[in-house]
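The values are calculated or read from the model by the stated rules, or taken from the named source; none is laboratory data. Quantities reported herein were computed from a predicted structural model and do not represent experimental measurements. All Cβ positions, even for glycine, are placed from backbone atoms using ideal geometry, and neighbour counts span all protein chains on display. In case anyone asks, the SASA skips ligands and DNA or RNA and just uses the protein heavy atoms, side chains included. Shrake-Rupley method; radii C 1.70, N 1.55, O 1.52, S 1.80 Å.
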Amino acid sequence: KMTQQMRDLQLAQARKPPGPSSPNAAKRLYRNLSGKFRVNYTSFDEGSLVGRGEKEKLRKSYLFQSNAALFEAVELQDLDRVQELLKQYSPEELDLNTPNSEGLLPLDIAIMTNNAPIARALLQAGAKESPHFVSLESRSLHLSTLVREAEQRVNELTAQVVNEAPNADCSEKEKQLKAWEWRYRLYKRMKAGFEHARVPDAPTNVHLSVASSSSVQVTFWEPLSVNSAVVTKYKVEWSCSPTFSPLLGEAVIDKLKNLHFTIRGLVSGTAYYVQVSAYNMKGWGPPQASVPPFAIPSNWREYDGRAPRRRGQAEALDHLLGQVKTVHQHCVCHEPCKNQPQSRKHSVSKSLKHLFHPGSKFLKTLKRGLYLTAIFYKDDNILVTHEDQIPVVEIDDTYSCLLMQDFLWFTKVSCMWDEILWLRQCVTVSQSSCSCILQTRFKMLLAISQMQGLLGIQDLGQVFFEPVKDKQGNILIVTLKEVKTNQTFESVRWVPICKLQTSRKSVSSPEEPTALDTLLISVQDKLAYHQRSSHALSPGLYLGYLKLCSAVDQIRVLVPEQLPNILCHVKIRSNPNISREEWEWLQKMASMEEPVPAEPEAETSQNHLFQELQVAIKELMTLVNIPLQEAKDFRLYSQEVLDFGGQVSFLLLLPPSDDVCTAPGQNNPYTPRSGFLTLPLQIFELGEEG
């Protein structure tokens, strides 16, 4: 019985040191205790512990005390302490969902005292309501029992304090009386909170969208009024009927960090109606129908039945490469290699010792020519040779003007670091033609092989989008690769970048720095570019801006510095899918000779997309510094939606035809603000593929 449990608890407390006599005393107590709890128990004298059993007992005691501290923090409505405990311990360590002796969980106390901030913090940590409260009646009865027994205990202790003569035992009784009076008030407040509460209002902003050909997604916000009780879960229901009879399915959402749900396994082309309701300790509130009221699972490709652009392309290219290799197996250029054993890969730890071997072929200084340098970095450190130099090898000492086509060819080779030996063999047979281009490219392959051999690493990383040049005729092609922290190397010399920059003795003047000096000065910028170019966008639909500018030997594309592998863009929405109905509306708008700004019907997915596009276009025009009135001549690319892996998709915004690509010498009155750069189109395509 609850009464007997409370009496047993009181007897146990009587054998312990005095408990908290007031809320302030209780507060001081659990704070002092929690300060002690934070002591790392590995600091205890382990010589005094007898085996693992004692350590396990100590650990359990440690966690039990943290659980007690959490209960007291919730009861005293100390949000800071609750958050501190939730951050310091896992839900399992805190026994977050284990009831106390009164049959209550921390979340129950937070809810019934209507402490929304603490309740939300507990919910996000995975807290649940007590499973004992299966009905409103059971919760009401339990609270009434707690209040009645606490009141009875207060009356008993009051009588004892009044009738007994002052002594040490009486002083102890007075402390117990104050503690029970405080708990009595807590239970009364919880009971009043429960009685005052009502079911929550319906959720707000319930929006339904098409997620794919077989799924729809519903998003929603909290109710405007929770009616004095925190919402602890939501229910999503769906049906093919607007009356929701019969009901096709329902799902309960009790993880409230993100208020959305995707309904999967639906039939394409069928209309589904969705509604959402909220729950608090008084029960389920009224449902709220979605806007639009229904959605039809579909994808924009169903509009004309087109297949994905890249379907099977990677496999086809692999097959083509295999065929080329097969043809070249019996080629004259491979004859010298037939009798040679297959070259084995040196271990990284062994081969990296070349960095410190005095006979290594890394260069310390540059003479007029073309060179390759590889930058390997880990955190703020960079890999250097035994002479504290960035690894550099020579490509061609007679080459003083790097043609853009040669550089772009090199960047393509960087996609095949493992095939360099095979490429060298294929190029060799053409040497007899004395083609300057082939000779240069063969020397590039030789330099790559030399760098790979000296470093013992085949993957030299990503090529920086432009070579480093100086006025002395030196040209550096730079590759960048980040070494993950969990990779280990033997006998490797890592040097902090700042130390390398300050310790290097420059052989050039500040007015005309050499390519190596320029590289060292700008190395942080290049590392930042390398890291940013591998970042991925969060899932969603984006509006991209395509702007090109041409030069004599290349076309460049405008990109943001923070994400140089992506076009200038803004996010339209979190759902990447364009439905068939939305795409049909976009096609209709694109086919108009003079588009009329007529809004689609209200409460449709097309209308919602129309509003989202209006906001996105304004934001994008501001981003790239183009007056909004100029955007009236812009147009959406209506041939396809650019799809990247199913989680990210793009609609493209194009300038007028004459302004898509700015020619050399052509005036561009609207120059983007800082934070942008232009990449060679082929480099951008390689980065985007990655």
| message | List the strands (runs of 3 or more DSSP E) inside region 244-326, counting only whole elements, that have at least 3 residues being of a type in the set (Gly, Ala, Ser). | response | 288-295
| task | Filter region 550-564 for residues that are of a type outside the set (Gly, Ala, Ser) and either open to solvent by 40 Å² or more (accessible area, probe 1.4 Å) or modelled with pLDDT of 90 or more (or both) and give the result. | result | Val552, Asp553, Ile555, Arg556, Val557, Leu558, Val559, Pro560, Glu561, Gln562, Leu563, Pro564
| message | Could you check region 240-265 and list, in sequence order, the residues that are of a type in the set (Lys, Arg) and under 20 Å from Trp284 (Cα atoms)? | response | Lys255, Lys257
| note | Taking region 93-122 and the residues there that are within 27 Å of the chain's Cα centre (by Cα) and of a type in the set (Gly, Ala, Ser), the one that is farthest from Ser228 (Cα to Cα) would be Ala121
| Within region 193-210, can one find any residue that is buried (at least 17 other Cβ atoms within 10 Å of the Cβ), out of contact with any strand residue (DSSP E or B) (no Cβ under 8 Å at 6 or more places or on another chain), of a type in the set (A, V, I, L, M) and not in a strand (DSSP E or B)? | no
| Does Arg189 satisfy the criteria of being open to solvent by 50 Å² or more (accessible area, probe 1.4 Å) and free of Cβ contacts under 8 Å to residues at least 24 places away in the same chain? | no
| Somewhere in region 581-592, is a residue modelled with pLDDT of 85 or more, open to solvent by less than 20 Å² (accessible area, probe 1.4 Å) and either over 20 Å from Lys632 (Cα atoms) or part of a strand (DSSP E or B) (or both)? | yes
| Here are some residues: Ser101, Ser171, Ser144, Ser138. Which one is farther than 19 Å from Asp254 by Cβ, in contact (Cβ under 8 Å) with a residue 60 or more places away in the chain, among the small types (Gly, Ala, Ser) and not assigned by the TED database to the domain that holds Gly283? | Ser101
| said: So in region 486-522, with the set limited to residues that are part of a loop (DSSP other than H, G, I, E, B) and of a type in the set (Lys, Arg), which one is modelled with the highest pLDDT? | reply: Arg493
| request: Return the only residue of Asn625, Asn607, Asn668 being out of contact with any Lys or Arg (no Cβ under 8 Å at 6 or more places or on another chain), at pLDDT 80 or above and either over 22 Å from Pro308 (Cβ atoms) or surrounded by 19 or more Cβ atoms within 10 Å (Cβ to Cβ) (or both). | output: Asn607
| remark: Those helices (runs of 4 or more DSSP H) completely within region 84-165 that have 3 or more residues that are open to solvent by less than 30 Å² (accessible area, probe 1.4 Å), over 22 Å from Trp284 (Cα atoms) and out of contact with any Lys or Arg (no Cβ under 8 Å at 6 or more places or on another chain) are 136-163
| Is there a residue in region 211-222 that is assigned to a helix (DSSP H, G or I) and modelled with pLDDT under 95? | no
| task | Kindly check whether there is at least one residue in region 439-453 that is of a type in the set (Val, Ile, Thr) and modelled with pLDDT under 90. | result | yes
| query | When residues of region 628-647 are filtered for being open to solvent by 40 Å² or more (accessible area, probe 1.4 Å) and more than 25 Å from the chain's Cα centre (by Cα), how many remain? | reply | 9
| task | Answer yes or no: is there a residue in region 226-239 that is among the small types (Gly, Ala, Ser), within 30 Å of Ala271 (Cβ to Cβ) and open to solvent by less than 50 Å² (accessible area, probe 1.4 Å). | result | yes
| remark: Residue pairs within 8 Å by beta carbon, gap of at least six or interchain, first lying in region 291-306 and open to solvent by less than 60 Å² (accessible area, probe 1.4 Å), second in a loop (DSSP other than H, G, I, E, B) and among the β-branched types (Val, Ile, Thr), listed first then second, are Pro292/Thr604; Ile296/Thr270; Pro297/Val267; Pro297/Thr270; Asn299/Ile578; Trp300/Ile578; Trp300/Val641
